[in-house]
Amino acid sequence: MDRFQNLLRRIGWAVLTIAFVIVLNFFLFRILPGDPARAGVHDPRLKKDAVEAIRVRFGLDKPVINCFDSLNPIKVGNCGVNPLDTQFFIYVKNLFIGEMGFSYHTNRPVTDILVERLWNTVLLIGAGQILSVIIGVLFGILAAWKARTSIDYSALTISLLVWSLPTFWLGIILLFWGSANGFPIGGKATPGMSSMPLSVRWGDIAQHMILPTITYTLVYMGEYMLIMRSSLLDVLSEDYILTAKAKGLSVFQILRDHALKNAMLPLVTVIAINLGFTVAGAIQIESVFSWPGLGGAIFEAVNRRDFPVLQGAFLLIAVAVIAANLIADLTYTYLDPRVKME
Amino acid sequence: MTELALKTAAPPASSYMLDFWRKLNKNRMGLVGLGMLVVITLVAIFAPAISPYDPSSTSGVGASDIYQPPSAEHLFGTDDAGTDVFTNFIYGSRVSLTVGFFAAFISIAVGGALGIIAGFFGGRWENFIMRLTDVMLVIPDLPLIVVIVALTKPGLLNIIFVIGLIGWTTTARVVRSQTLAVKSRKFVLRARAIGAGRGHIIWRHILPLVMPILVVQAVLVVSLAVLNESTLAFLGLSDPTKVSWGQMLNYAFGRGAMSTGAWWALVAPGFGIVWVVLGLTLLGQGLEQVLNPRLDTHHLMPGRPNVKKEAEVRSDNAKLVLEVRNLSVDYISEGKPPAHAIENVGFTLKQGELLGLVGESGCGKTTLMLGLLRLLPQAGQVVNGSVFFGGKDLTMLSEEEMNTIRWSGISIIFQGAMNALNPVRTVSDQIGEAITKHMPSFPKEKLQGRITELLDLVGIASDHKDSFPHQYSGGMRQRAMIAMALACNPQVVIADEPTTALDVMVQAQILELLSELRRKLGLAVIFVTHDLGVVAEMCDRVLVMYGGVTAEYANVDTVYNDARHPYTQELLKAFPDLTKPKKKLSSIPGYPPRLDALPPGCRFAPRCPAAFERCQIEQPAIHAVAGDSNHVASCHLVEATK
């Protein structure tokens, strides 16, 4: 029962956070001078009735929320408006039916653009995350086990160095090197591949993924290594490791059966907290490698001042990170018997 | 991170930072980082003097000046507009450092203030601030920064404020927990008790103790701000009037440096960012090490090899299960002479015998036990002596051979089973593990039955078998530990203060259990304790240790009625005797000697009521007491009576 309540509480917080992000997103794009329609409305070349038409089309003729016609806090508007007929309510309602407006640039629905790009980002982040966790954890184990030896010191140095590399710059350098050595120069697939058999297409995509994934792995493995190292060092100095040693278990058995699970637990939380940073990495990597993902969408939207896409991409990323955090949180609860009891 | 290594009393406000600085001076990693930052800061300040060209002199450049490779004229070549990359590199440091430091200042000020408020005032404020922090923490930083900067104008001030106002969350968390830890310190409580104002307490008492952690946090926040700024600039969101490293990369990457092969335009600005961030990272690591010094040692580090010696022949007494002869253990730390933790301690153990090992804390009892099982921490080394068990000298075995003897031959119950059991594995699992390790042929289907039987032996019902250690009470855990120690039918069980930290009733139960098991299973037990009452009740023989040496070793009756070593006599005086209720109890003044400052003569001499001149200069050997072949003591007085 306790566990069920715990689950509900956590889901409740995630929903509340998402609500906060939705409200933030709504007001950010209305307070700051980036409202798609308003930007258009201010175009001096437009005739007055055309402006009015745009305002109606984007719902800008409606009050923002109850009591406020505009976002001018001094100017109190009509409080007797039907709350269902405000900009905010329409915005939220549209979100629920998956409607996020139209791209300023291509005039396609933002939802369509983002959904196809979401999977590309998931593919890239997934591959990079798995690789960096595996490599980071392995090196972390090695460094902790061989603490205060030259193995440990070199692993530490390498991870501090890669941690300090700006993701986009590492990407640029790898791309510079790769393009001279026969790697694809960017994108997700070679043009004209759609007519080829599936296996060839997948091979092509895999080839395009090599450099972005290496960038991703290098950037994030350092942090995982540092965390795994210190977490394992903590565990290995616990009394129960001495017990395990006194039981006559070999070093390998102790690491496998007594240390790793305990040391991996904090890592689950870190991976979750890291997802926010991970997205930051994805924006940079996708921008450098022209990878058609959400991060790339943000890059393009910024450069084209395509605000509807920017707004949608931000919302989608934030919701995805919050959801992933929730999942990691619940996984942790499931993995650690001590949390279950609380 | 929560607990600082600073535990002094009332603080003069500046002394913490001074102390901090002094320690940092000894940290190589931190100093290298600091040096790197000083260099780049000087470069930024003296940019006009260092750079060969004016940063704004882009006009009047011909097409032939674009993307020129490095030369004497242009040290780092030229970029897409024909300007000198070296000049831009120098000036670029200004933007990075400005944004980094000012944004971090905002983050630290906001986060620090919120953290202190939450930690100090608690209640509704804390609730609200921490909830807000939780929410902000899961919203991805960079996308939010990008969105806000893209919507507003990407001016320098704008960027500083946006990065600064979004990056405070971790600081608030860290500062809050530190404030909570500091708040309950004695001098803060005292200041509150004498009615000091809240502002005064925060300013004079809390802030100085939060400061070091704030400094570490600041270094981290600066590096994140620098990375965020350069990423923004690379994405095209930078002040167009100010050249920055990220902006240089944006231009070079977007305007053909890749296709023209102009690596210099790409490498130089990236190098600048790496230099700053690496400098900050090293400094941060150094500060962290100063604040939370950790030894980085653990139980799996290879121990020091035992000092080589000739194989000894064990004595020919077939009844002896265990014979420890002249065992000496040193603790070795770099730059110091080895500390003699155990010197020439010996004892024997017959089948079914219960040996009591007594002495104050710090007298080497646990070290002796770990030494004979070869479980010493990395600094420990067996420098002399032998341990005979089952016809073998344990000090001569390889680690693999030793592993077969541990637990199946000699098992150990550690003091404080609280942490001696793995918290994430069930009790039955941990008991079963020992059985499968040492009895590979044990039939699998009988394993659970055997575990139930063992737990039954120590009085734990089988329905608690598959529970986790934290679901047990302290006494149950200790009993589970005993069950585990018995799992492989060992000949010797070492019980290292098995009842400390348990309440008296449970203590009695555990002790009762141990002596019953000894009778039932014919175990030989070494019982480490400071409780002389328990020893009198249970043991056959007693080994009294003091300062790492044998003080006295005799049958239990002899020790109680005819103790010869002054230390034993003093210990007995400090212990209530029910048969002589009028007897006055007395304690021994002073403490056992520190290992790094052992007295030159007898180790007990400084506290000994009977010490005479010889005791101060000469360490007594172990002498047999006349008339009792089983009684030895290391005291010059004993020698005299011979």
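The values are calculated or read from the model by the stated rules, or taken from the named source; none is laboratory data. This structure is a prediction, so every number in the text was calculated from the model and none was measured. Here the Cβ positions follow ideal geometry from the backbone for every residue, glycine too, while neighbour counts run over all protein chains shown.
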Checking the condition without any contact (Cβ under 8 Å) to a residue 12 or more places away in the chain, polar (S, T, N, Q) and away from chain A (no Cβ under 12 Å), which residue from B:441, B:428 passes? B:441
Residues in segment B:388-395: is at least one basic (Lys, Arg) and either buried (at least 21 other Cβ atoms within 10 Å of the Cβ) or within 22 Å of residue B:498 (Cβ to Cβ) (or both)? no
Quick check on my filter: what residues within segment B:503-514 are buried (at least 17 other Cβ atoms within 10 Å of the Cβ) and either closer than 26 Å to residue B:568 by Cβ or touching a Lys or Arg at 6+ places or on another chain (Cβ under 6 Å) (or both)? B:507, B:510, B:511, B:514
Given the conditions (1) touching a residue at least 24 places away in the same chain (Cβ under 8 Å); (2) at the interface with chain B (Cβ under 7 Å from one of its Cβ atoms), report the number of the one that residue A:272 does not fulfil. (2)
Scan segment B:380-388 and give yes if some residue there is at the interface with chain A (Cβ under 9 Å from one of its Cβ atoms) and farther than 18 Å from residue B:543 by Cα, otherwise no. no
Tell me which of these residue B:402 doesn't satisfy, since it passes every other one: (1) in contact (Cβ under 8 Å) with a residue 60 or more places away in the chain; (2) facing chain A (nearest Cβ under 10 Å). (1)
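Any chance you could count how many residues in segment B:424-441 are in a loop (DSSP other than H, G, I, E, B), crowded, with 16+ Cβ neighbours inside 10 Å and not polar (S, T, N, Q)? Reasoning before the result, please.
At the first step, the residues of segment B:424-441 found to be in a loop (DSSP other than H, G, I, E, B) are B:424-426, B:439-441.
So of that shortlist, the ones also crowded, with 16+ Cβ neighbours inside 10 Å come out as B:424-426.
Filter once more, keeping what is not polar (S, T, N, Q): B:424-425.
Residues flagged as in a loop (DSSP other than H, G, I, E, B), crowded, with 16+ Cβ neighbours inside 10 Å and not polar (S, T, N, Q) within segment B:424-441 amount to 2.
Select from segment A:298-330 the residues that are polar (S, T, N, Q) and either modelled with pLDDT of 85 or more or touching a Gly at 6+ places or on another chain (Cβ under 8 Å) (or both) and list them in ascending order. I'd like the intermediate steps shown before the answer.
The first filter runs over segment A:298-330 and keeps only residues polar (S, T, N, Q), leaving A:303, A:311, A:325.
Correct list: A:303, A:311.
So that you can scan it fast, the table gives a plain yes or no per residue for (1) at pLDDT 85 or above; (2) over 25 Å from residue A:295 (Cα atoms); (3) more than 10 Å from chain A (Cβ to nearest Cβ):
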position	(1), (2), (3)
B:237	yes, no, no
B:244	yes, no, yes
B:249	yes, no, no
B:256	no, no, yes
B:273	yes, no, no
B:286	yes, yes, yes
B:294	no, yes, no
B:300	yes, yes, no
Matching option when the condition is at pLDDT 85 or above, closer than 26 Å to residue A:300 by Cα and not charged (D, E, K, R), among A:31, A:11, A:18, A:54: A:18
Please work out which residue is farthest from the chain's Cα centre (by Cα), limiting yourself to segment A:150-189 and to residues that are under 22 Å from residue A:282 (Cβ atoms) and away from chain B (no Cβ under 13 Å). A:184
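Each row is one residue, and each column tells you yes or no for (1) surrounded by 24 or more Cβ atoms within 10 Å (Cβ to Cβ); (2) in contact with a Ser or Thr (Cβ under 9 Å, 6 or more places away or on another chain); (3) of a type in the set (Lys, Arg).
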{"position": "B:244", "(1), (2), (3)": "yes, yes, no"}
{"position": "B:248", "(1), (2), (3)": "yes, no, no"}
{"position": "B:251", "(1), (2), (3)": "no, no, no"}
{"position": "B:256", "(1), (2), (3)": "no, no, no"}
{"position": "B:259", "(1), (2), (3)": "no, yes, no"}
{"position": "B:262", "(1), (2), (3)": "no, yes, no"}
{"position": "B:266", "(1), (2), (3)": "no, no, no"}
{"position": "B:273", "(1), (2), (3)": "yes, yes, no"}
{"position": "B:282", "(1), (2), (3)": "yes, yes, no"}
Cβ contacts < 7 Å: first residue touching a residue at least 12 places away in the same chain (Cβ under 8 Å), restricted to segment A:198-226; second residue among the aromatic types (Phe, Trp, Tyr) and assigned to a helix (DSSP H, G or I), any location; separation 6+ or different chain. Result? A:211/A:289; A:212/A:289; A:222/A:163; A:223/A:163; A:225/A:139
Filtered residues of segment A:248-263 (kept if more than 10 Å from chain B (Cβ to nearest Cβ) and either in contact with a strand residue (DSSP E or B) (Cβ under 8 Å, 6 or more places away or on another chain) or under 14 Å from residue A:133 (Cβ atoms) (or both)): A:260, A:263
Cβ-Cβ below 7 Å, separation at least six or inter-chain, first residue in segment A:279-308 and facing another protein chain (nearest Cβ under 7 Å), second of a type in the set (S, T, N, Q): which pairs? A:284/A:167; A:284/B:231; A:299/A:287
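Quick one: in segment A:309-342, which of the residues that are closer than 30 Å to residue B:425 by Cβ and under 19 Å from the mean Cα position of the chain (by Cα) is nearest to the other protein chains (Cβ to nearest Cβ)?
Here is the first cut: in segment A:309-342, the residues closer than 30 Å to residue B:425 by Cβ are A:324-342.
Then drop every residue that is not under 19 Å from the mean Cα position of the chain (by Cα), which leaves A:324-331.
Values: A:324: 9, A:325: 5, A:326: 9, A:327: 12, A:328: 11, A:329: 10, A:330: 14, A:331: 14 Å.
Taking the candidates together, the pick is A:325.
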Within segment B:280-300, can you find the residues that are touching a Lys or Arg at 6+ places or on another chain (Cβ under 8 Å) and in a loop (DSSP other than H, G, I, E, B)? B:296, B:297, B:299, B:300
